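**Student:** Pasting in a structure now, in structure tokens, and then I'll have a few things to ask.
The values are calculated or read from the model by the stated rules, or taken from the named source; none is laboratory data. None of these values were measured; they are calculated from a predicted model. Ideal geometry is used to build each Cβ from the backbone, glycine not excepted, and the neighbour counts take in all protein chains shown. SASA here: full protein model, heavy atoms, side chains in, ligands and nucleic acids out. Shrake-Rupley method; radii C 1.70, N 1.55, O 1.52, S 1.80 Å.
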Amino acid sequence: MTSHDPRTIPLRPGLDLEVREAGTGSSPVLVLHGGSGPSSVAPLIDHLASDHRVVAPTHPGWNATPRPDNLDSVPALAAAYLDLLGHLGLDNVTVIGTSFGGWVAAQAVLDDREDRISRLVLMDAIGPVIPGQQITVPAGPPAAAPQGGPLAQAMAAMRAYAGPTMADVGMLPRLSTVTCPVLVIWGADDAVVTPDFGRAYTAAFPHARFELIPGAGHLPIREKPETVFTLLDSFLTSRARTTGH
């Protein structure tokens with residue numbers, strides 16, 4: 001497990017971020033979880049911490065954390081995480097986002113005016129409107145989940161960020177401006193966003209590679225962790241770009 005408990009970082013007035021940090025390597029990694037919450041990326045944090053400094057915030061609204069009223073869109077959340085990188089003094093950062101976190105990661109790269117991000121990894125990510133493709137949102141929380149409990153709070157937060165369509169109609173064409181290397185990992189059996197969605201997402205970036213993982217669904221990090229780790233380790237040790245975007 002990770003060796004650091006979450007700490008609260010007062011990022012700006014009215015916004016405290018709960019952040020888990022692990023590892024001490026010179027190559028920082030920002031990990032952004034999806035709708036399933038911080039626990040869903042715990043194996044990823046544990047693996048990366050052996051060679052990297054890992055920063056893994058909890059999106060405000062998950063795990064009983066407060067979400068300020070003005071934090072009500074994906075661009076606003078991405079801006080908070082760019083501020084976090086500046087607050088921590090991190091550069092040459094790899095950003096890894098799963099599902100909803102992938103949308104936030106892609107938005108952060110688009111809005112990275114200070115050129116802090118050097119690589120992007122998307123896992124079964126949502127975000128752009130892909131013609132002919134749609135997001136199949138699970139019908140609802142499990143029957144065992146108490147109404148108004150943690151899962152309901154997280155889903156309400158995601159709706160606040162993502163909006164009713166769970167997509168950004170203007171994002172896809174903007175991805176052509178991203179010059180950093182991008183790795184897109186996708187579960188072959190993903191029923192939320194299909195591999196064809198992932199392939200179209202990948203094709204929108206100038207420098208992206210698509211990797212399909214057989215036997216995995218929407219959360220390959222849980223279902224096929226060793227395959228994900230192999231792909232990530234190879235990507236993270238490849239030479240980073242040297243020019244800005």
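**Student:** In terms of modelled amide H atoms, which long-range or inter-chain residues lie less than 5 Å from the amide H of residue 117?
**Tutor:** Here the answer is 93, since their amide H atoms fall under 5 Å of that of residue 117.
**Student:** Only Cα pairs under 8 Å and at least 6 apart count here; give the relative contact order of the chain as a rounded whole percent.
**Tutor:** Values: 493 pairs, mean separation 42.4, N = 245.
Relative contact order of the chain: 17 percent.
**Student:** Given a 1.4 Å probe, how much area per residue of segment 14-84 is accessible, in Å²?
**Tutor:** Value for segment 14-84: 34 Å² per residue.
**Student:** Heads up, I need the accessible area for residue 158: 1.4 angstrom probe, whole protein in place, Å², nearest 10.
**Tutor:** 30 Å²
**Student:** Using Cα pairs under 8 angstrom and six or more residues apart, how large is the relative contact order of segment 1-62, in percent?
**Tutor:** The normalised contact order for segment 1-62 reaches 40 percent.
**Student:** Please give the length that would be gained between residue 72 and residue 176 if that part of the chain were fully extended, namely 0.36 nm times their separation in residues minus their C-alpha to C-alpha distance (nm, one decimal).
**Tutor:** Length difference between fully extended and current span is 34.9 nm.
**Student:** For residue 46 and residue 169, what is the calculated FRET efficiency with R₀ set at 30 Å and r taken between the beta-carbons, to the nearest 0.05?
**Tutor:** Once the sixth-power term is evaluated, E becomes 0.25.
**Student:** Just from its helices, what would the mean residue ellipticity at 222 nm be for the chain, if runs of 4 or more DSSP H residues each count -39500 (n - 2.57) and the sum is divided by every residue, rounded to the nearest 500 deg cm²/dmol?
**Tutor:** Value at 222 nm, helices only: -9000 deg cm²/dmol.
**Student:** Would you mind computing, in nm to one decimal, how far apart the modelled labels at residue 159 and residue 129 are, each placed 7 Å from Cα along Cα→Cβ?
**Tutor:** Using points 7 Å along Cα→Cβ, the separation is 2.1 nm.
**Student:** Related question: Given Cα pairs under 8 Å that are at least 6 residues apart, what percent is the relative contact order of segment 52-136? Present the calculation step by step, with values, prior to reporting the outcome.
**Tutor:** Working: 96 pairs, mean separation 21.8, N = 85.
That works out to 26 percent.
**Student:** From a point 7 Å beyond the Cα of residue 91 in the direction of its Cβ, which residues of segment 103-123 have a backbone N at a distance under 15 Å?
**Tutor:** Within reach of a label on residue 91, which here means backbone N under 15 Å from a point 7 Å along Cα→Cβ, segment 103-123 contributes 113-119.
**Student:** Just how far, in whole angstrom, is segment 5-80 from segment 194-233 if you go by their alpha carbon centroids?
**Tutor:** Each part reduced to its Cα centre gives a spacing of 21 Å.
**Student:** When Lys and Arg each count +1 and Asp and Glu each count -1, what net charge do the other residues less than 15 Å away from residue 191, Cβ to Cβ, add up to? Before the final figure, lay out each step's value.
**Tutor:** Working: positive: 222; negative: 124, 189, 190, 196, 223.
Here the count lands on -4.
**Student:** Once both labels are modelled 7 Å past Cα along the beta-carbon direction, what's the residue 137-residue 233 spacing in nm?
**Tutor:** 3.8 nm
**Student:** Follow-up. Per-residue HN-Hα couplings for segment 181-187, Karplus 6.51 cos²θ - 1.76 cosθ + 1.60 at θ = phi - 60°, whole Hz, x for Gly and Pro?
**Tutor:** Karplus values, whole Hz, x for Gly and Pro: x, 10, 10, 10, 10, 9, x.
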